[in-house]
There are 2 protein chains.
Amino acid sequence: MQEMSTQTWNALRCDTAERLNAAAEILGDGKIVAAKDVTRLLEAVIHPGDKVNLEGNNQKQADFLAERLCRVNPKKVHGLHMVQSSIALDSHIKLFEKGIAEKIDFSYAGPQAGKLADAIQSGKVRLGDIHTYLELFGRYFIDLIPRVALVAAYQADRDGNLYTGSNTEDTPVIVEATKFKQGIVIAQVNEIVERVPRVDIPADWVDFVVPSPKPFYLEPLFTRDPALITESQILRAMMALKGIYAEYGVQTVNHGIGFDTAAIELLLPTYGEELGLKGKICSAFALNPHPTLIPAIESGWVKNIHCFGGELGMEQYVRERSDVFFIGPDGSPRSNRTYAQIAGHYAVDMFIGGTLQIDEDGNSSTATARRIAGFGGAPNMGCDPKGRRHASPAWLQCGEENGQREALVGRMPRGKRLVVQLQETFREKMAPGFVERLDAWNLMENAGLSIPPVMIYGDDLTHIVTEEGIAYLHRCRSIEERRAAIRAVAGFTPVGLKANPSETRLLRDRGIVKTPRDLGIDPARASRGLLAAQNVRDLVRWSGGLYQPPGKFKNW
Amino acid sequence: MQEMSTQTWNALRCDTAERLNAAAEILGDGKIVAAKDVTRLLEAVIHPGDKVNLEGNNQKQADFLAERLCRVNPKKVHGLHMVQSSIALDSHIKLFEKGIAEKIDFSYAGPQAGKLADAIQSGKVRLGDIHTYLELFGRYFIDLIPRVALVAAYQADRDGNLYTGSNTEDTPVIVEATKFKQGIVIAQVNEIVERVPRVDIPADWVDFVVPSPKPFYLEPLFTRDPALITESQILRAMMALKGIYAEYGVQTVNHGIGFDTAAIELLLPTYGEELGLKGKICSAFALNPHPTLIPAIESGWVKNIHCFGGELGMEQYVRERSDVFFIGPDGSPRSNRTYAQIAGHYAVDMFIGGTLQIDEDGNSSTATARRIAGFGGAPNMGCDPKGRRHASPAWLQCGEENGQREALVGRMPRGKRLVVQLQETFREKMAPGFVERLDAWNLMENAGLSIPPVMIYGDDLTHIVTEEGIAYLHRCRSIEERRAAIRAVAGFTPVGLKANPSETRLLRDRGIVKTPRDLGIDPARASRGLLAAQNVRDLVRWSGGLYQPPGKFKNW
C-alpha cells in the first residue's frame, strides 16, 4: 500500500471562508447587502477564472446582479467561466465585452442569439458547449460546478429564506449544486419581508441577500395571441389531432413554444370535442401555463399540468386552479424546471412543436448561420428517452410500428416516444422549411462547434405534419424510405420537388404518408372560426377575468 | 364561446383540509405526533384508493411508518396504490397481504423480489409498471402524483424543518410532488432537536413529524469486500481499463453496483498508474460513496463525486473530503438521487456494470423468471441519452465509430455514450451469462407485463467485456454483425459455441473484437496482488481510520 497522502482535502472550504472574510471586512457581518454595495461584494467573493452561474432562466432573470457584475473592475475579476441556462440580457454579453467573463456554457440564447454569434466570431466569447437544460443541470454536479451563483427570488426574510413562488424555475438546482460544493450563493430579491409566504430555498443555503432597486425581469415567453393564428396552422392542428393524438390516444403531452401548438390547444374544446376525444387525449401536461390552454382547462379537458416556469399574467388564474396546477401550502404556484424537464423526458408520451428547417434525413434545427439560439428544453423532450421502461398504449403502439426496431434490438419489443414536428413548407420570405443542408452546418463552422447543433435527430422524429400531409417516419424500414416519406410532404421546396408520385402513392398505401383527404379532413374547414378563442380578450373572458395579460398583449 | 364552467377547482385542497381536520380532532393540533398515535393518524389522513408514497430508497427506509401503515384497519384504509422507489422491507409486501394496498408502481425490489413475484402471481398485488428511478420521479408530477407521502429524516425541529443529511436521496422530489399538489407529508425522524444542523426540507412542506422509536433502517448496499474479488474479475477490469477507459479517455463515469467495478476502482492506483492514466481518466463520478474507491481518491485520481445516496460507514470519510464530495454548510454530506441520476444520464460519458444475462442481440437483463427485481437507476444510465448535445472526446469518438449511425441519422454526425457490460461467461452453478432467450420473457408472462423487462437494450450497449475479450458492439454495421461479435466473446455458452473462428478472425482484424492478447494483456498478471486493497481492513487503513465499516464487514 502506498504512503498516505498529505494532500489537503478542504481547499474549497478554506478558500470560501477567505472570500467570506474579505466580504465581511468591507461590508461588515450580516446576510443583507445594500444595492450600492453589491459591486464591492462581487469583487470580494468572485475570483478570476471562477465558474459563475448567473441565473438567467427561460423567464426569470437575475438582472440586477448581472448588471452589477458588469461593473466590477476587470483587473480584479476576469476570465470568468459562465455556466447558465440562458443568455437573455444585454448585460450577459457585456460581461464578455468588458473582459470580465471569457467562456460560456449555456442552453438558450433567444434574444441575444445574434450578438452571441458576433461575440464568438470576434473572439470575445469562448464557447464551451450548448446544452439542453437538464443536461446542463447534470453537469452542475460533475464538471461545471458553479463556484458562485447569482440568483433571483421574489422575497427573502432577514435570515435569508427565499420565496421564489411561480418562478421557482432553475433556482433550486443552481443553489444546491453551488452551495453543497462549498460555493457562494447571492440572491437578489424584490423585497425583504418579515416572513416569506413559504420557504422555497432554506436560509442556510444562501450567503447574501440583496434587495434589488426594481423587481427582477420576467419575460412572457409562452403567450401567443390567438388573433395571429393562421388557417394553415389550424389545418395542421386538425391533422395532428385526428392523425396523431387520436390515432395513438396520447394522454400525456408536452407542447413546444409557438403558434402551431397554440392552435392545437384552442381546437381541443371545438374540433377535439367534435371528434369525441375528450377524456381520451391530453389529460396531463408538462407545460408552462400557456394562456391558450385556458379554454381546454375550463372545458374540463385537462387534469394536471406541471410547469417549468411561470407565465406573466397567469399567476392569479393558476392560483385559482389548484386541482390542475402545482400550488404551495401558501396558495401560490410553484414551478420547477428540473422536475418538469424530467417529466417531459420520461413521463409524457409525446413532444410536439415547430422547427425552422428539416433536412432530407429528418434532422431538424432552429439554428441559422448567424444566430446561436441554443436548445432550451427541446432536445430533452424531442427525443426517444432510451431509459424509459414503463408502458402506455401510445408508447407501445409507436414502438410496434417502428420499422427499424429489428435492426436495433432484434426480436426484443420496445416502445417509442412520439416526437412530432409541425412544419410549414415555406415560412415568411419564402424560406423553405425543408432543405438539403441545414444552416446548422454553417453555424458549426462559425461557432467552432464539434458537430452541427441539431435540435431533433431524424431517428428520434416520428411524425412530420405539413399542409401536404403527415409523414409517419418511424414506420419506415430504412433511411431511404424515410427520405421518400419526407419528400412526399415537403411541398414545393427543393426537397419536396424530388418526390416521385408513384413512390408517394406506395407510401400512402402503406399508411406511411397520409394527406388531409386520407385523414378525412376537408382543408376548407380549417378556418379561424374553429378556434375556441379568437384573441387575448377571449382568453381573459374564458378565465373569468383571472388571466391578466401583460400590456403588450392588450389592444382593447 | 361555451358557457363558463361551474366546476370547482379546489377539490384536492378542500379534501386535504378535511383530512387534516379529522387528524386534529383525534390528535389535537401540532405537527409532532407520538409514535403510539401514528396508526390513528394514518387512518385519518389516508383514504381508500389513495396513491401513497412510502419512502423506500436504495438505502434509507421509512420503516417505522411502513410498519404502522400495516396496522391500519383495512376496512377503513384499503385499495391503496403505492408509488415508491423501492420494495425493500417485509412490511412493503405485508401491506398487500393485509388488503391495505392493491397496486404498485416502483423501481427496485432487490431483497423482496421473490416475494413480490409470488404476490403478483397469487393476485394480491396488481403491478402497474417497473421504472427506472428518474422516470418514476417524472411520473410523480404527471400521472402518479402521491396523495400522501411517508418519508424519513435524521432529525426535525419543532417547526418541522427536516435534516436528511447524507441520506437525502429521494426525499426532496417525493415531498415536492406531494405537497405542492395539495397532498399530505408525514416524516418519521430519528430525533427531535432544538435546531437542525441545516434545513434539507423546509417546515412548511411537512404536515406531521413522528419521532420513531428507533433510527430508520439503512442498507449498506454499495459496500464490496475486496477479499471476495476474483482473478477473473481482475482480468476483465484490466481489459476494461486498457481497452475502454484508456482507449476513449473516459473522464466522467458511473459504476454499477458489484465486484466487477469494485475491481476497476481498486486497480486505478496500481494498474491504472502503470498505464499512465492518472489525470487522463476517471476524474469525476456520479456514484455512491463506494468504499473501494477510497484508494483512488487518496491517491489523487478523483476530483469530484456526486452521490445518489449515502453509504453506511462512509459518513465521516466523506465529511472529511469536502473537495471531492458534496457537503452542506453544516459540514455534513448531502446526497440527492434526482440530481445524481440526471448527472448519470446526461453528464457522464460512460456507464459500466455487470448483468446476469445477455441475449444474442445484445439485450441484457437481471430478471429471472421468479423474481421481480426491478431496474433501479441502471436503464437511465445504461442508455444512450438521446437529448444530450454537449461534446466530449469520448462521446465524439464513440459516435464516430457507430456503424449504424448512417442508417439512423444519415450524414449527420452525432456522439454516443459508452455503455459497457462486464460479463462472466458462466456465473455460479454454471449458469451461462449468454443465452438464446432472456429469462425476462418468462417474467413478462408471470408478471403480466406488456414487454420483457430489459435492463439495457442492444442498441444502447457499446461494449461487452468477458474473459475471452472485448466486443466493440457499436462498431458493427448491422445486427447480424453485432450477433457475431457477441458470439465471439461468449466463451463456451450455447451462444458462444455458435461462433465461427474465421468470422471471429475478421472481427478481430477490424477491431470489433479484441482478445486479451490483442490488447497486450497477459492474463497471468491478473492476480489479487494488483488490487490496491486486499480487504476491508486495508480500506480502513487507506482512509486513515475515517471509514468505519458496519460490523458485518469487519472480520478482524
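Remarks
- Residues in region A:213-232 that are farther than 20 Å from residue A:86 by Cβ, outside any loop (DSSP other than H, G, I, E, B), in contact (Cβ under 8 Å) with a residue 40 or more places away in the chain and open to solvent by 10 Å² or more (accessible area, probe 1.4 Å): 3 in all.
- Some residue of region B:129-140 being touching an Asp or Glu at 6+ places or on another chain (Cβ under 6 Å), over 28 Å from residue B:13 (Cβ atoms) and assigned to a strand (DSSP E or B): yes
- Scan of region B:182-194 for residues that are open to solvent by 10 Å² or more (accessible area, probe 1.4 Å) and either in contact with a Phe, Trp or Tyr (Cβ under 8 Å, 6 or more places away or on another chain) or farther than 30 Å from residue A:325 by Cβ (or both), ordered by number: B:190, B:191, B:192, B:193, B:194
- Set side by side, the residues B:168, B:132 differ, and just one is facing another protein chain (nearest Cβ under 10 Å) and within 30 Å of residue B:443 (Cα to Cα), which is B:132.
- Restricting attention to region A:186-201 and to residues that are out of contact with any Leu (no Cβ under 8 Å at 6 or more places or on another chain) and free of Cβ contacts under 8 Å to residues at least 40 places away in the same chain, the residue that is nearest to residue A:337 (Cα to Cα) turns out to be A:190.
- Pairs linking a residue in region A:322-348 that is more than 7 Å from every other protein chain (Cβ to nearest Cβ) to a residue that is open to solvent by 10 Å² or more (accessible area, probe 1.4 Å) and polar (S, T, N, Q), with Cβ atoms under 7 Å and 6 or more positions apart or on different chains, are A:332/A:166; A:333/A:166; A:335/A:166.
- Considering residues of region A:42-57 that are out of contact with any His (no Cβ under 9 Å at 6 or more places or on another chain) and open to solvent by less than 20 Å² (accessible area, probe 1.4 Å) only, the residue modelled with the lowest pLDDT: A:57
- Residues satisfying the stated conditions in region A:117-147, i.e. more than 20 Å from residue B:284 (Cα to Cα) and surrounded by fewer than 24 Cβ atoms within 10 Å (Cβ to Cβ): A:117, A:118, A:119, A:120, A:121, A:122, A:123, A:124, A:126, A:127
- Residue match in region B:151-164 (condition: facing chain A (nearest Cβ under 8 Å), touching a residue at least 24 places away in the same chain (Cβ under 8 Å), surrounded by fewer than 24 Cβ atoms within 10 Å (Cβ to Cβ) and out of contact with any Gly (no Cβ under 9 Å at 6 or more places or on another chain)): no
- Of the strands (runs of 3 or more DSSP E) lying entirely inside region B:14-115, not one is found with 3 or more residues being touching a strand residue (DSSP E or B) at 6+ places or on another chain (Cβ under 6 Å) and of a type in the set (Lys, Arg).
- Taken as a whole, the structure places residue B:252 among residues that are among the β-branched types (Val, Ile, Thr) and either in contact with a strand residue (DSSP E or B) (Cβ under 7 Å, 6 or more places away or on another chain) or buried (at least 21 other Cβ atoms within 10 Å of the Cβ) (or both).
- Flag if residue B:362 is more than 9 Å from chain A (Cβ to nearest Cβ) and either out of contact with any strand residue (DSSP E or B) (no Cβ under 8 Å at 6 or more places or on another chain) or at pLDDT 95 or above (or both): no
- Checking each residue in region A:382-405 for being assigned to a helix (DSSP H, G or I) and at the interface with chain B (Cβ under 7 Å from one of its Cβ atoms) picks out only A:396.
- Within region B:448-477, the set of residues being hydrophobic (A, V, I, L, M, F, W, C) and open to solvent by 10 Å² or more (accessible area, probe 1.4 Å) comprises B:449, B:451, B:455.
- Segments classed as helices (runs of 4 or more DSSP H), wholly inside region A:270-381, with at least 3 members that are open to solvent by 10 Å² or more (accessible area, probe 1.4 Å) and farther than 30 Å from residue A:439 by Cα: A:315-319
- Pick from region A:406-424, criterion over 20 Å from residue B:419 (Cβ atoms) and open to solvent by less than 10 Å² (accessible area, probe 1.4 Å), ranking: nearest to the other protein chains (Cβ to nearest Cβ): A:419
- Pairs where the first residue, in region B:463-483, is farther than 19 Å from residue A:406 by Cα and the second is surrounded by 21 or more Cβ atoms within 10 Å (Cβ to Cβ) and among the hydroxyl-bearing types (Ser, Thr, Tyr), C-beta under 8 Å, 6+ apart: B:463/B:472; B:472/B:462
- Options B:245, B:217: the member that is closer than 25 Å to residue B:278 by Cβ and away from every other protein chain (no Cβ under 14 Å): B:245
- Contacts under 7 angstrom Cβ, first residue in region B:491-511 being assigned by TED's automatic domain parsing to the domain that holds residue B:475, partner open to solvent by less than 70 Å² (accessible area, probe 1.4 Å) and among the charged types (D, E, K, R), 6 or more apart: B:495/B:360; B:495/B:487; B:496/B:487; B:498/B:487; B:499/B:487; B:508/B:514; B:508/B:518; B:511/B:475
- Only one of B:357, B:316 that is among the polar types (S, T, N, Q) and either within 12 Å of residue A:180 (Cα to Cα) or in contact with a Gly (Cβ under 7 Å, 6 or more places away or on another chain) (or both): B:357
- Filter result (hydrophobic (A, V, I, L, M, F, W, C) and free of Cβ contacts under 8 Å to residues at least 40 places away in the same chain) within region B:69-94: B:70, B:72, B:77, B:80, B:82, B:93
Results for (1) open to solvent by 40 Å² or more (accessible area, probe 1.4 Å); (2) polar (S, T, N, Q), shown as yes or no for each residue.
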residue: A:487; (1), (2): yes, no
residue: A:500; (1), (2): yes, yes
residue: A:513; (1), (2): no, no
residue: A:517; (1), (2): yes, no
residue: A:524; (1), (2): yes, no
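- Of the residues A:486, A:451, the single one that is within 24 Å of the chain's Cα centre (by Cα), within 14 Å of chain B (Cβ to nearest Cβ) and of a type in the set (A, V, I, L, M, F, W, C) is A:451.
- Considering (1) within 19 Å of residue B:470 (Cβ to Cβ); (2) more than 14 Å from every other protein chain (Cβ to nearest Cβ), the lone condition that residue B:225 does not fulfil carries the number (1).
- Residue within region A:1-12 that is charged (D, E, K, R) and at pLDDT 95 or above present: no
- One residue stands out among those in region A:186-203 that are assigned to a loop (DSSP other than H, G, I, E, B) and more than 14 Å from chain B (Cβ to nearest Cβ): the one that is nearest to residue A:60 (Cα to Cα), which is A:193.
- Hits in region A:516-546 - residues which are on the phi < 0 side of the Ramachandran plot and over 31 Å from the mean Cα position of the chain (by Cα): A:517, A:518, A:519, A:521, A:522, A:523, A:524, A:525
The values are calculated or read from the model by the stated rules, or taken from the named source; none is laboratory data. Here the structure is a predicted model, which means the values were calculated and not measured. Positions of Cβ are generated from backbone atoms using ideal geometry, with glycine treated the same way; all protein chains shown enter the neighbour counts. Just the protein is used for accessible areas: all its heavy atoms, side chains included, with ligands, DNA and RNA removed. Shrake-Rupley method; radii C 1.70, N 1.55, O 1.52, S 1.80 Å.
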